[in-house]
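Q: Below is the structure I would like to discuss, written out as structure tokens.
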Amino acid sequence: MRAGRSGWPADELADEDTFERRRKTRTRRPQGRRRLEDLTAGETGTPPEGVIRFLLDRGHITEVVAELKSGKEATAYVARGPRGSVLLKLYRDLEARSFKQDGVYREGQVILDKRAARAMQARSRKGLEMLQAGWVCAEYAHLWHLWRAGLNVPEPLVGPEPTEYGQTVPAVLMRLIGSEDHPAPRLSDARLSPAEAHSAWQQAVQGMADLLRLGYAHGDYSTYNLLWWENTVILIDFPQLTTRQNPNFQQLLRRDAESLATSFRRHGLTESGEQTLREVQRRAAGPGPTPRVLLP
Ligand SMILES: Nc1ncnc2c1ncn2[C@@H]1O[C@H](COP(=O)(O)OP(=O)(O)OP(=O)(O)O)[C@@H](O)[C@H]1O
Ligand SMILES: [Mg+2]
């Protein structure tokens, strides 16, 4: 099997156990979370150092309420804004993020600016900043696209112009799913009745098919990135969304189907990755959701 240019061997993508191993590695990694009181201490008001100050000054948020969860690449906070409760996803400091695995998702991307391409490849300070901005802006861009297309994803709260959301790097602001006191659980944490598990599975498969119809593979699709709220599955975590332009597309798609099937075992589902992928492909050929915004 071909090895990816990223340094992440392509055959690892197809390995059935990869999903579980990655989860274990992740939980052992030091979290390096920021303390809540440090968040508003930024003096400069310019991102990334003073990003919270900047968001407050610009009126994007009025208050940070609580830290929700510290994940592998970002910490999630519950905040308030002019339009209600906000999920503020603050990506880690550049130094704390490895970027070791980003190549597999970015393969096939064209960087026309040679100097920028060199800086990113060399992982210089400037290059890391560019990678960070690219990662954060990609999450916004995907959220906007998917939300407008009618998929069950959180509504992005800054944009839709890249000049607008580009200013909030390294933060992404989106609508909080659930309430401030009870944010929506991930499907990996939710307790479901057999009927709920069946419905969640159907929706998760449909969600993956909706992405595929638009030409995307999520790249990290499992119950760890699916929220469960009012009997509805909401897809999250999109920085690594991949298109067919990426030579690893098929393998990422296959791995997503396997991760989805494996992660649903605790809810009593026994579908194989292969069956899941076939069902996703079948549904992707069918009708999609109604768009929220109709383009002219
Ligand atoms: N819009 C939202 N509403 C409510 N909770 C959310 C929302 N978005 C994210 N979360 C919570 O924040 C956590 C981290 O978000 P996300 O998965 O996007 O980041 P991550 O850095 O990849 O974290 P992880 O390693 O846990 O996957 C999620 O697992 C979920 O519990
Ligand atoms: Mg996640």
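The values are calculated or read from the model by the stated rules, or taken from the named source; none is laboratory data. What you see is a predicted model; the values in this text were computed from it and never measured. A quick note on method: Cβ atoms are made from the backbone with ideal geometry, for glycine too, and the neighbour counts reach across all protein chains shown.
Q: Which one of SER199, SER188 is surrounded by fewer than 19 Cβ atoms within 10 Å (Cβ to Cβ), part of a loop (DSSP other than H, G, I, E, B) and at pLDDT 95 or above? Outline the logic, then answer.
A: Numbers: SER199 fails: part of a loop (DSSP other than H, G, I, E, B).
On inspection, the qualifying residue turns out to be SER188.
Q: Is it true that GLY207 is at pLDDT 95 or above, in a helix (DSSP H, G or I) and either of a type in the set (Val, Ile, Thr) or buried (at least 19 other Cβ atoms within 10 Å of the Cβ) (or both)?
A: For GLY207, the condition - at pLDDT 95 or above, in a helix (DSSP H, G or I) and either of a type in the set (Val, Ile, Thr) or buried (at least 19 other Cβ atoms within 10 Å of the Cβ) (or both) - is met.
Q: Do we have any residue at all in segment 193-216 that's within 16 Å of ligand 2 (Cβ to nearest atom) and without any contact (Cβ under 8 Å) to a residue 24 or more places away in the chain?
A: Checked against the condition, which is being within 16 Å of ligand 2 (Cβ to nearest atom) and without any contact (Cβ under 8 Å) to a residue 24 or more places away in the chain, segment 193-216 yields no hits at all.
Q: Right, another one. Identify, by number, the condition in (1) more than 15 Å from ligand 1 (Cβ to nearest atom); (2) at pLDDT below 80 that VAL51 doesn't meet.
A: Going through the list (1) more than 15 Å from ligand 1 (Cβ to nearest atom); (2) at pLDDT below 80, VAL51 breaks only (2).
Q: Moving on to the next point. Just name the residue that is nearest to ligand 2 (Cβ to nearest atom) out of those in segment 230-255 that are assigned to a strand (DSSP E or B) and not aliphatic (A, V, I, L, M).
A: Keep residues of segment 230-255 that are assigned to a strand (DSSP E or B), which gives 232-235, 242-243.
Next cut, not aliphatic (A, V, I, L, M) only: 232, 242-243.
Values: THR232: 18, THR242: 15, THR243: 20 Å.
Filtering first and then ranking leaves THR242.
Q: Quick check on LYS114: is it touching a helix residue (DSSP H, G or I) at 6+ places or on another chain (Cβ under 6 Å) and surrounded by fewer than 19 Cβ atoms within 10 Å (Cβ to Cβ)? Give the steps one after another, and end with the answer.
A: Working: touching a helix residue (DSSP H, G or I) at 6+ places or on another chain (Cβ under 6 Å): no; surrounded by fewer than 19 Cβ atoms within 10 Å (Cβ to Cβ): yes.
For LYS114, the condition - touching a helix residue (DSSP H, G or I) at 6+ places or on another chain (Cβ under 6 Å) and surrounded by fewer than 19 Cβ atoms within 10 Å (Cβ to Cβ) - is not met.
Q: Now a separate question. Name the residue that is modelled with the highest pLDDT, counting only residues in segment 86-107 that are surrounded by fewer than 18 Cβ atoms within 10 Å (Cβ to Cβ) and over 18 Å from LEU241 (Cβ atoms).
A: ASP93
Q: ARG80 fails exactly one of the following numbered conditions: (1) over 20 Å from PRO239 (Cβ atoms); (2) within 11 Å of ligand 1 (Cβ to nearest atom). What is the number of that condition?
A: (2)
Q: Something else: Within the set of pairs 6+ apart or on separate chains, which have a first residue in segment 269-294 that is closer than 22 Å to LEU192 by Cα, a second that is at pLDDT below 95, and C-beta atoms under 9 Å apart?
A: GLY273/GLU16
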